[in-house]
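Step one of this worksheet: look at the structure below.
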Amino acid sequence: GGTMNQRIKLPEIFEGTWEHLLVLTYGAEIPFFENALLRSSGFRCRNKVILADGNRFLESCKGYAENKMLRFMNRKYVADGIFVPHAAHAKLILLLREDNGLMLVGSGNLSRNGYTSGGELFTSYNYSPEEKQDLPAFQSVWKFVLSLINKGWVGKSAIPFLEMMSETHWLFHSVESSKSSITQNLDVSFFQQLQNEIQKDKVDELWVLSPFFDERLIALEKLITAFSPRRTYLLVQSGRTSIDKKALKSLLKDRNNKIIVKTIDSSKDLNKLPGIHAKLFILKTANRSICLQGSPNCSQAALLLTPPFGNIELGNILIGERSEFDDVFENLVLTT
């Protein structure tokens, strides 16, 4: 399936004439969307929908209204919320037209940092009549969007514009294999999905990169207990990763040499960079690597639960040879 990228080139990624744009995001810097993307002369698209986490969206709208910051909302594009008890945390850019599709699934929100900082990871997918192998990925994302609508979670004003996207006839072509590397947690938790993938294989190494951990490190502990890796590598950014030091200490206490904490620098000059917001879980067995990459952090709400009890998350489960994903870490400059 897709290709994992650290930077997405803006506004180039949006260049061209498209029929439909769908952005899923947790937080939305809508003024950034208007200034950086709507004004870009190379981007033409008649139907544009932004869906953000409902509560976050309502909060930010208050601010925009007071400052008269938005000129085109609900005129040139539609913005609304996904309303669930926990966070609607999925992050997606989907561009569709008659014969082509471009899709990015990753960690970045609709914001300057989220789309331009280089501290994010996205997996990109392309569809064209010549290149159809990513079609199942587009179809599984479309099914995901329809599920959100069917469950009644999507703000009403967006629905007719989402339904227009179903005009894209190739989204409904039949495919030989419907297996897609794109994955979500509406029915099965990511933890369960990783277990299904590993089955009886022995996990040699577990690598965890997450800017956010739940309070008592419940998700991390569950991963370590369930997969009992020979070594666990935790990648943290000093001063930036939200991880409870006391909980980490007690986790390390019983597993002294089995958990290795590595500090990451995304560049030598930290002030210039907004930190690494990418999320990555890699399980290495003797001869393969299973990588979960996308929106889920290392928390119960993201990994262990399904909505409405957990977050709505979207990711990619990529499978390769044992060393397949090592270069991702090299780009992040690891120091021990």
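Over 31 Å between Cα atoms: which of Lys68/Lys91; Lys246/Lys284; Lys132/Lys200; Lys62/Lys222; Lys202/Lys249 fall into that group? Intermediate results must be reported in sequence, preceding the final value.
Values: Lys68/Lys91 26 Å; Lys246/Lys284 28 Å; Lys132/Lys200 33 Å; Lys62/Lys222 39 Å; Lys202/Lys249 26 Å.
With Cα atoms farther than 31 Å apart: Lys132/Lys200; Lys62/Lys222.
Over the alpha carbons of the range 1-137, what is the largest minus smallest coordinate on each principal axis, giving the biggest first in Å?
Principal extents (Cα only, largest first): 49, 33, 26 Å.
Just to confirm, what accessible area per residue do you get for the range 193-270 at 1.4 Å probe, in whole Å²?
That works out to 56 Å² for each residue.
Under the rule a/c < 1.5 gives rounded, and otherwise a/b versus b/c splits prolate from oblate, where does the range 192-319 land using the Cα gyration tensor?
rounded
Under 17 Å Cα-Cα from Lys151, which aspartates and glutamates qualify once same-chain neighbours fewer than 8 residues away are excluded?
Lys151 reaches Asp53, Asp80, Glu163, Asp187, Glu313.
Probe 1.4 Å, all protein chains in place: accessible area of Asp204 in Å², nearest 10?
30
Of [x] 62; [y] 51; [z] 57, which is the value of percent of Cα pairs over 25 Å apart derived from the coordinates here?
So the structure-derived entry is [y].
Among Lys249, Lys151, what's the order by accessible area (1.4 angstrom probe), most exposed first?
Reading off the accessible areas and sorting them downward yields Lys249, Lys151.
Working with all protein chains in place, sort Ser166, Ser177 by solvent-accessible area computed with a 1.4 Å probe, largest first.
So, going from the largest accessible area down, we get Ser177, Ser166.
Once ligands and nucleic acids are excluded and a 1.4 Å probe is used, how much of Cys45 is accessible, expressed in Å² to the nearest 10?
Using a 1.4 Å probe on the heavy atoms, I get roughly 20 Å².
If one computes the Cα centroid of the range 127-164 and of the range 25-104, what distance in Å separates the two points?
Each part reduced to its Cα centre gives a spacing of 16 Å.
Ignoring ligands, DNA and RNA, what percent of the accessible area of the chain is carbon or sulfur (1.4 Å)?
48
Could you report the accessible area of Phe309 in Å², rounded to 10, computed with a 1.4 Å probe on the protein chains as they sit in the structure?
140
The values are calculated or read from the model by the stated rules, or taken from the named source; none is laboratory data. Bear in mind the structure is a predicted one, so any value in this text is a computation, not a measurement. Remember, those area values only see protein heavy atoms, side chains included, never the ligands or the DNA or RNA. Shrake-Rupley method; radii C 1.70, N 1.55, O 1.52, S 1.80 Å.
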